[in-house]
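The values are calculated or read from the model by the stated rules, or taken from the named source; none is laboratory data. Values in this document were obtained by computation on a predicted structure and should not be read as measured data. Because the Cβ atoms are built from the backbone with ideal geometry, glycine has one as well, and the counts that use them run over all protein chains shown.
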Amino acid sequence: MIIPEKLKCNDEVRIIAPARSLNIISEECRDYATKRLTEMGLKVTFSKNCEVIDDFMSSSIEERMADLHEAFADKNVKCILSVIGGYNSNQLLKYIDYDLIKNNPKILCGYSDITALSNAIYSKTGLVTYSGPAYSTFGMKKGIDYSIEYFKRCLFSKDEYKIEPSKMWSDDLWFLDQEDRKFYKNNGYKSLGSGRVEGKIIGGNLCTLNLLQGTEYMPDITDTILFIEDDEMTSPETFDRDLQSLIHQLNFEKVRGIVFGRFQMKSKVEDRLFEKIISTKAELKNMPIIYGVDFGHTTPHITFPVGGYAEISSSAKIEIIIKEH
C-alpha cells in the first residue's frame, strides 16, 4: 500500500483526458473550474493532448498514454485530475508503465469511467487512488461547496473523516444552464442489514468496475467495503445483473459491507426496487449495506480513497468513516 503525499498550497495539478476530451468542456465551465482549484491554492496545468478530439470525443491511445506517463514522471506535479469521464479508459490498461507510477506516486482523482484506471493502478502498484470530482465538476457554479469540502478533507489532510449527508442534492444538466438549477432536500442515508465493520475500499462506477472482471487489473475484494454507484444509463434490470456479476467474483464471500451512491432519477432504481433487488441476493443477507450516499453521478459527491479504509455502521446509527491507514 502506497499513500501519495497530501496536497498543500502551491502544488501543481495536471489536467489530463484519459477518456473524453477537454474540447467538449465549455469555456465558462473551464473558467469556474480553474478558479475554484486556484482558490484552494493549487496551480493548474494542462496536458499536451487533453484538447485533442476524435470521432469518439476522445484521442488516440498513444496521446492519452503520453499525457498520463508525463504527468506521473513530472516531479512538479502532485495531483493528476481527469477532465471528465467517458467510455474508454480501459483501453489504456495494457500500455501503462506501472513501474513508472509505483516509483512516482502521486494523487490520481476522477470518477465514472476513471474507475477503470483508479482500480487497475491500485491493483497493479498498491498506490492508493481517489474517486472524486473531475476537473469539469469544479466548473459547477452552484451546489459545489459540499464536493469541495470533501475533496479537501480527503486530499489535503491525513486525518480520518466522517461522511455526513449533504443538505441538498441535484440531478440536472447543470452545464447547460448554470442558473436554472433544481435541488432536492436530502433525507439522509438508509441502511439494510446490521453491523459495524471495517475494510479496504474498492469500487466506483459499477459497470466500469465490472470491465476489469477476469483480468489482471481487477483488485482482490477480500476484506473490502465496496463503494458502488451507477449512472442514468442503468436501470433496475441492468443494475440487478451488474451487481450479480460482481457478487460472482472470486472472494466475494469475504466482502464485509457495501456502500451505494445515490442513483440518478432516470435510472428508475428508486428505494423500493433497490431494496427488492438486494433482497434477492442470498450473498448479501445480513451484510451491512448503506445506500443513498453522496457520490456518483448526482451532485454533490464525496472524495474517497480506493485502497484506503472505511468503517461503516448500518445499525440504528448509520455512520461512514474514511481513513487511509
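Summary of values
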read-out: Residue, surrounded by the fewest Cβ atoms within 10 Å (Cβ to Cβ), within region 163-180, restricted to residues that are more than 16 Å from HIS301 (Cβ to Cβ) and touching a residue at least 24 places away in the same chain (Cβ under 8 Å); value: GLU179
read-out: Selection from region 252-275 of residues that are out of contact with any Phe, Trp or Tyr (no Cβ under 9 Å at 6 or more places or on another chain), touching a residue at least 12 places away in the same chain (Cβ under 8 Å), of a type in the set (D, E, K, R) and loosely packed, with under 14 Cβ neighbours inside 10 Å; value: GLU253, LYS254, LYS266
read-out: Filtered residues of region 34-85 (kept if among the β-branched types (Val, Ile, Thr) and surrounded by fewer than 17 Cβ atoms within 10 Å (Cβ to Cβ)); value: THR38, THR45, ILE53, ILE61
read-out: Residue among ASP31, ASP97 that is out of contact with any strand residue (DSSP E or B) (no Cβ under 9 Å at 6 or more places or on another chain), under 23 Å from LEU211 (Cβ atoms) and either of a type in the set (D, E, K, R) or crowded, with 18+ Cβ neighbours inside 10 Å (or both); value: ASP97
read-out: Output for region 73-87, where each listed residue is in contact (Cβ under 8 Å) with a residue 60 or more places away in the chain and of a type in the set (A, V, I, L, M, F, W, C); value: VAL77, CYS79, ILE80, LEU81, VAL83, ILE84
read-out: Count - residues of region 182-220 that are more than 16 Å from ILE258 (Cα to Cα) and crowded, with 16+ Cβ neighbours inside 10 Å; value: 6
read-out: Test: residue in region 223-246 that is outside the structural domain of SER118 (by TED's automatic domain parsing), closer than 19 Å to SER123 by Cα, touching a Leu at 6+ places or on another chain (Cβ under 6 Å) and part of a loop (DSSP other than H, G, I, E, B); value: no
read-out: Strands (runs of 3 or more DSSP E) contained in region 103-204 and holding at least 1 residues in contact with a helix residue (DSSP H, G or I) (Cβ under 8 Å, 6 or more places away or on another chain); value: 107-110, 129-131, 190-192
read-out: Unique match (being surrounded by 19 or more Cβ atoms within 10 Å (Cβ to Cβ), hydroxyl-bearing (Ser, Thr, Tyr), assigned by TED's automatic domain parsing to the domain that holds ASN205 and touching a Cys at 6+ places or on another chain (Cβ under 8 Å)) among THR303, THR299; value: THR303
read-out: Residue within region 230-240 that is buried (at least 22 other Cβ atoms within 10 Å of the Cβ) and either free of Cβ contacts under 8 Å to residues at least 40 places away in the same chain or within 18 Å of GLU164 (Cα to Cα) (or both) present; value: yes
read-out: Yes/no for SER82 being touching a strand residue (DSSP E or B) at 6+ places or on another chain (Cβ under 6 Å) and closer than 29 Å to GLY214 by Cβ; value: yes
read-out: Strands (runs of 3 or more DSSP E) completely within region 266-325 that count 1 or more residues being aliphatic (A, V, I, L, M) and more than 26 Å from THR238 (Cα to Cα); value: 309-314, 318-323
read-out: Pair list, Cβ < 8 Å and 6+ apart or interchain, from region 24-44 residues that are outside the structural domain of PHE156 (by TED's automatic domain parsing) to residues that are surrounded by 13 or more Cβ atoms within 10 Å (Cβ to Cβ) and part of a helix (DSSP H, G or I); value: none
read-out: Output for region 198-229, where each listed residue is among the charged types (D, E, K, R) and without any contact (Cβ under 8 Å) to a residue 60 or more places away in the chain; value: ASP223
read-out: Residue in region 56-74 that is over 22 Å from ILE121 (Cβ atoms) and in contact with a Ser or Thr (Cβ under 7 Å, 6 or more places away or on another chain) present; value: yes
read-out: In region 22-46, the residues that are among the small types (Gly, Ala, Ser) and either over 15 Å from LEU155 (Cβ atoms) or in contact with a helix residue (DSSP H, G or I) (Cβ under 8 Å, 6 or more places away or on another chain) (or both); value: SER26, ALA33
